[in-house]
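Structure record follows, encoded as structure tokens.
The values are calculated or read from the model by the stated rules, or taken from the named source; none is laboratory data. Owing to the predicted nature of the structure, the values given are computational and were not obtained by experimental measurement. As a convention, Cβ positions derive from the backbone with ideal geometry for all residues, glycine included, and neighbour counts pool all protein chains shown.
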Amino acid sequence: MSTSTSPTKQIRMGIIGLGLIAEYHVRSLHTISGVSIVAVSDVNPNRLQAIGEQLQLPESKRYAHYEALIRDSEVDAILSLTPNDVHFDIIRIALEEHKAVLAEKPLTLTWEEADQLKKLYTANPVPLLVHYKHRYGAAFQYTKQLLDEQKLGKIYNIQFRYLMDAFAPYRQHPYTWRHNLAKAGSGVVGDTASHIIDLARFLVGEFKSVAALLHTITPERLDPITGLPVKVDVEDLAAFHGIVGDNTVGTFITHKNAIGIRHDIEVDIYGELGTLHASLNNPESIRIVLRDLEHPGAEYESWAVPAIYNHTAYEDFVELARGKSVDRAPLFEDGYKNQWVLEKILQSWKENGRLVEM
């Protein structure tokens, strides 16, 4: 069924994957005018019943398998919130049905799947937004404006840190699908590094090369059902560097063992005219210092972020589903190029951390 291009058409959403994060997405969608959630899908019957009842959906709109939901003629658009191993199949079927997709990152489990999707998407494109939600952070949107205005001049170095404490030992985080290579494809590389890769591409440009160091801090976690230890076969820390954009040196680190940092992304950008610092947790301002021969002693200033930067990925997705174009949105091509960087990070680590050209 074709997605309508009417600018005011009601968008009937179907949600696939009803883990705890789904409740956040449901609340976010309910804030957007002209959107209704008409169907849900999950392999867990308890979650399917709970969310189905919460949304007051009939049993006929609570699907045990995502394919039935996607092929439902009364569903216009799909929100996919599943483990990475089914991302490819969900998007593939949505392309067949020509339905808009708000896809979780990473785009697919592997590069080979992404490359196959590229061929299918090129032959039959649909409105598709990859949920790199952090590029919508107000401070990062303002940073993009300042860089486009050449406020820092040529950029020499960028440093990105995406840190959390969710996996810190005191939290005793149990084993989940994110710790399983077959389900996730990678650990923090696909989970959190994909976000700062997107931010770097959004702010500075394409990756030209990358070298990686991956590490597993916690090699076992307890199965939440059996209580027995299970081997973690993915990395939970990723550090990488490379050349980005116009010969800019980029350094990146991400992990979830940063005690005292609940959830933050920090970006430092060093250019020929000055330095800029932006943070996910400070959406109201950025810190910047600009120096030249006339102002050699200039100090850091706090610049307020304009109120115009208040859009969300959900709002942009609905606009795309209605046939509009949105400049800032991370689209299929962004997900595809991001997946290539993930592939090269994993390749670098397998080859003893050597610098890999893109």
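Values as computed for the structure displayed
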{"read-out": "Odd one out for Y309, checked against (1) in a helix (DSSP H, G or I); (2) surrounded by fewer than 21 Cβ atoms within 10 Å (Cβ to Cβ)", "value": "(1)"}
{"read-out": "Some residue of segment 165-175 being outside any loop (DSSP other than H, G, I, E, B) and touching a Leu at 6+ places or on another chain (Cβ under 8 Å)", "value": "no"}
{"read-out": "Near pairs, Cβ below 6 angstrom, 6+ apart or cross-chain, from segment 48-76 (assigned by TED's automatic domain parsing to the domain that holds K99) to any residue that is assigned to a loop (DSSP other than H, G, I, E, B) and acidic (D, E)", "value": "L48/D42"}
{"read-out": "Test: residue in segment 111-130 that is buried (at least 23 other Cβ atoms within 10 Å of the Cβ), outside any loop (DSSP other than H, G, I, E, B) and β-branched (V, I, T)", "value": "yes"}
{"read-out": "Residue match in segment 283-296 (condition: of a type outside the set (S, T, N, Q), at pLDDT below 95, surrounded by 13 or more Cβ atoms within 10 Å (Cβ to Cβ) and over 17 Å from the mean Cα position of the chain (by Cα))", "value": "yes"}
{"read-out": "Filter pass, V75 being within 17 Å of A22 (Cα to Cα), among the β-branched types (V, I, T) and in a loop (DSSP other than H, G, I, E, B)", "value": "no"}
{"read-out": "Filtered residues of segment 202-228 (kept if surrounded by fewer than 18 Cβ atoms within 10 Å (Cβ to Cβ) and touching a residue at least 60 places away in the same chain (Cβ under 8 Å))", "value": "E206, K208, S209, L213"}
{"read-out": "Among the candidates L152, L163, residue that is over 21 Å from the mean Cα position of the chain (by Cα), crowded, with 19+ Cβ neighbours inside 10 Å and either aromatic (F, W, Y) or not assigned by TED's automatic domain parsing to the domain that holds G17 (or both)", "value": "L152"}
